[in-house]
Amino acid sequence: MFLAWAPALAHAQAGLQPTGTWLTPGGDSQIRISRCGAGYCGIIAKVMNGETKDVNNPDPGLRGRSLVGVALSRDMRPSGEGWEGSLYNFRDGKTYSGKLAMKGPNVLELSGCVLGGLICKKQMWTRVD
């Protein structure tokens, strides 16, 4: 029974949480992650380069909205040594299954997956604050 809780305890003891503002690898946007319920949510806090509207949204009625404030993740729940949930990619307008994992106090690894996790793409985000 203890072994089932070991990863959660190790994660809790590390004290590394994804809350804060993160810079995406291309330096084109900042994402703010905060607590929401029992999990974490992420919204676009700032767009520095590129398109500033949600032009790739699958809902034509939302394509004119500003990207600032758009939710990228909702209710990322603890899983293993990180968190799992869904991730909206505003660059292609699709929602993927995803994971967040702290790789140090100022580095967050984000993984977006398709085909039930068979194919994943990872990014390293750096803490802004």
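General remarks:
- Among Ile119, Ile33, Ile44, the largest mean-square fluctuation in a Gaussian network model of the chain, built with springs joining Cα atoms closer than 10 Å, belongs to Ile119.
- Using alpha-carbon coordinates, inclination of helix 2-14 to the longest axis of the chain, degrees: 60
- Kirkwood hydrodynamic radius computed over region 20-127 comes to 14.1 Å, based on all pairs of distinct alpha carbons.
- Here is how the number arises for the chain: DSSP H runs of 4 or more residues each give -39500 (n - 2.57), the sum is divided by the residue count, and the result at 222 nm is -3000 deg cm²/dmol.
- Here region 89-129 was treated as a single set of alpha-carbon atoms; its pair distances binned every 5 Å from 0 give 6, 22, 25, 24, 15, 8, 1 percent.
- Selection of trypsin sites (Lys or Arg not before Pro), region 38-129, meeting DSSP coil and at most 15 other Cβ within 10 Å: Arg63, Arg65, Arg91
- Interatomic Cα distance distribution for region 46-103, bins of 5 angstrom, percent: 4, 18, 24, 19, 17, 11, 6, 1
- Available extension along the chain between Ser79 and Lys94 is 3.1 nm, counting 0.36 nm per residue and deducting the alpha carbon span.
- Normalised per residue, the accessible area of the chain is 58 Å², obtained with a 1.4 Å probe and no contribution from ligands, DNA or RNA.
- Relative contact order for the chain: 22 percent, from Cα pairs under 8 Å spaced at least 6 residues apart, divided by residue count.
- Taking only protein heavy atoms and a 1.4 Å probe, the accessible area of the chain is 57% carbon and sulfur.
- Candidate lysines for bridging to Lys53, where Cα separation is under 22 Å - those fewer than 8 sequence places away on the same chain excluded: Lys94
- Of the residues Leu62, Leu87, the one with the largest accessible area comes first in the ranking Leu62, Leu87, computed with a 1.4 Å probe on protein heavy atoms.
The values are calculated or read from the model by the stated rules, or taken from the named source; none is laboratory data. What you are looking at is a predicted structure, and each value in this text was computed from that prediction instead of being measured. Here Cβ is always computed from backbone atoms with ideal geometry, including for glycine, and neighbour counts include all displayed protein chains. Keep in mind that these areas ignore ligands, DNA and RNA; they rest on the heavy atoms of the full protein, side chains included. Shrake-Rupley method; radii C 1.70, N 1.55, O 1.52, S 1.80 Å.
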